[in-house]
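Here the structure is laid out as structure tokens; the discussion comes afterwards.
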Amino acid sequence: MTATTLVRKEAGARAAGVARGRRGRRRTRLVALLFVFPALLLLGALVVYPVLFSVGRSFFDASGTRFVGGDNYAEMFRDPATLKAIRNTTIWVVVAPALLTGLGLILAVLVEKVRWATAFKLLLFMPMAVSFLAAGIIFRLAYDEDPSKGVLNAAVVSVHDAFTGTSSYPTARARDGQGLERGRDGSYLTTRTVSPGETTALGLVGVLPGDLPKDASPAYPAAGRRAGAGDLRGVVYLDFTPGGGGKQGKVDPKESGLPGMKVEALRDGRPVASTTTASDGSFRFTGLGRGAYTVKLPASNFAQPYQGVSWLGPALVTPAIIGAYLWIWTGFAMVLIGAGLATLPRDALEAARMDGANEWQIFRRITVPLLAPVLTVVFVTLVINVMKVFDLVYIIAPGPVQEDATVLATQMWLVSFGGGNNQGLGSALGVLLLLLVVPAMVFNVRRFRRSQR
């Protein structure tokens, strides 16, 4: 066999090996594609197709039959509700991720110094197991304006009443033509003046007998007492006889006094003396000079009970919903930052302590800089999440303030399906939301790839 023949045989063998290798690689790719195909099919059906369809639909009118070009995008930025949604979304993006990242960092550092750290982390992470629907219902009840239902207002009212007190007679009022007239500020003043040595009876109605203070006693004996030469006496009583009977404007034997009522004596429109009624409703001013006085029951006696804070009003509804969001996601931020904290080099921390650095200096100059990559990932992830927030806003915000709390996700739903029935404008809002989310997602993916290298 010649050398030429051997070379040809070797070349043919190599060519056959290359061909077999190519066929093997093609077979491997085909098998891999077959395995990946179901996932690609689902990805295309659930992600790619809806995105492309929404982009196309945004160029048509509400009915979807007439091409309108960029009119939906122009209308989107002319609509006051959409502008308010963009403003609220901006508030969410600026406030919520920053607060969550800060809280997560602080809690992650503090938990390291707690003996039962695992139990504490579990407790803070538990809200993540609650669905947004359930959390929305919980906080809708917690924010209820009625103190008997809303736990937050119940606490606020309790603290307020402990320091400020509350009126015992918010429903009390005077009868017309019975010697008292109502002032502009809600107070009551006698229609005629009185002088020292006289006794006056001030009758009120509107107080249920069951709402009277427990120490209230009959006013009839007090009404019969005579005033001294320099004294001005009187009685504030409930001008109502239980069981019927009695006479309006006159203290009857069965009528009760109103204790704890503040009373003032005015001269020339200015208060010169003040006192509080006794258990039988009686009051007494001493040391008054000669002259005519007007007796006043200040408005504080009739002030309505403090009802707390309107958490779900137009001014506070967005911060209130952000508070509910913080309750859910603080544990998430704490756990991720805690995982990053566990990987920090302890020798650097110990070296700083040995050099005399205190805990605040270590936290500010070593812990935070070393955790910067983790904090960035957490912050960007939360930015992406808050841009898509829908459930909490839709559930917690009552109907009258829904527009004040709306964000882009809820506005998109309201315009498309919640009464607007304009899928063209809704699709434009969806495209806008996608354009806002994509940069944050790209940033997160690129940062994750760099960290893997």
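Points to keep in mind about this one:
- Residue match in the range 1-21 (condition: part of a helix (DSSP H, G or I), among the charged types (D, E, K, R) and modelled with pLDDT of 75 or more): no
- Every residue from the range 53-76 that is loosely packed, with under 15 Cβ neighbours inside 10 Å and either part of a helix (DSSP H, G or I) or in contact with a helix residue (DSSP H, G or I) (Cβ under 7 Å, 6 or more places away or on another chain) (or both): Phe53, Val55, Gly56, Gly64, Ala74
- Residue, farthest from Ala172 (Cα to Cα), within the range 261-308, restricted to residues that are of a type outside the set (Phe, Trp, Tyr) and in contact with a helix residue (DSSP H, G or I) (Cβ under 6 Å, 6 or more places away or on another chain): Gly308
- Residue count for the range 113-157, restricted to those that are surrounded by 12 or more Cβ atoms within 10 Å (Cβ to Cβ), out of contact with any Ser or Thr (no Cβ under 7 Å at 6 or more places or on another chain) and farther than 23 Å from Val317 by Cβ: 7
Yes/no matrix, rows are residues, columns are (1) closer than 30 Å to Ala372 by Cα; (2) modelled with pLDDT under 85; (3) not in a helix (DSSP H, G or I):
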{"site": "Gly104", "(1), (2), (3)": "yes, no, no"}
{"site": "Phe120", "(1), (2), (3)": "yes, yes, no"}
{"site": "Ala134", "(1), (2), (3)": "no, no, no"}
{"site": "Ala162", "(1), (2), (3)": "no, yes, no"}
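- Note on the range 399-453: enclosed helices (runs of 4 or more DSSP H) holding 1 or more residues that are without any contact (Cβ under 8 Å) to a residue 60 or more places away in the chain and under 20 Å from Gly56 (Cβ atoms) are 408-416, 423-452.
- Residue in the range 419-436 that is at positive phi and touching a helix residue (DSSP H, G or I) at 6+ places or on another chain (Cβ under 9 Å) present: yes
- Close contacts from the range 78-95, counting a first residue that is closer than 18 Å to Phe390 by Cβ and touching a residue at least 40 places away in the same chain (Cβ under 8 Å) and a second that is surrounded by 14 or more Cβ atoms within 10 Å (Cβ to Cβ) and of a type in the set (Gly, Ala, Ser), with Cβ to Cβ under 8 Å and a gap of 6+ residues or different chains, come to Asn88/Ala405.
- Candidates Phe120, Phe139: the one that is under 19 Å from Val401 (Cα atoms) and touching a Leu at 6+ places or on another chain (Cβ under 9 Å) is Phe139.
- Test: Leu100 is within 23 Å of Gly331 (Cβ to Cβ) and either in the same structural domain as Trp327 (by TED's automatic domain parsing) or in a loop (DSSP other than H, G, I, E, B) (or both): yes
- Checked against the criterion of being assigned by TED's automatic domain parsing to the domain that holds Lys262, more than 25 Å from the chain's Cα centre (by Cα) and not charged (D, E, K, R), the candidates Gly291, Gly338 yield just one match: Gly291.
The values are calculated or read from the model by the stated rules, or taken from the named source; none is laboratory data. Small disclaimer: the values here were computed from a predicted structure and weren't measured. With ideal geometry, Cβ positions are generated from the backbone for all residues, glycine too; neighbour counts draw on all protein chains shown.
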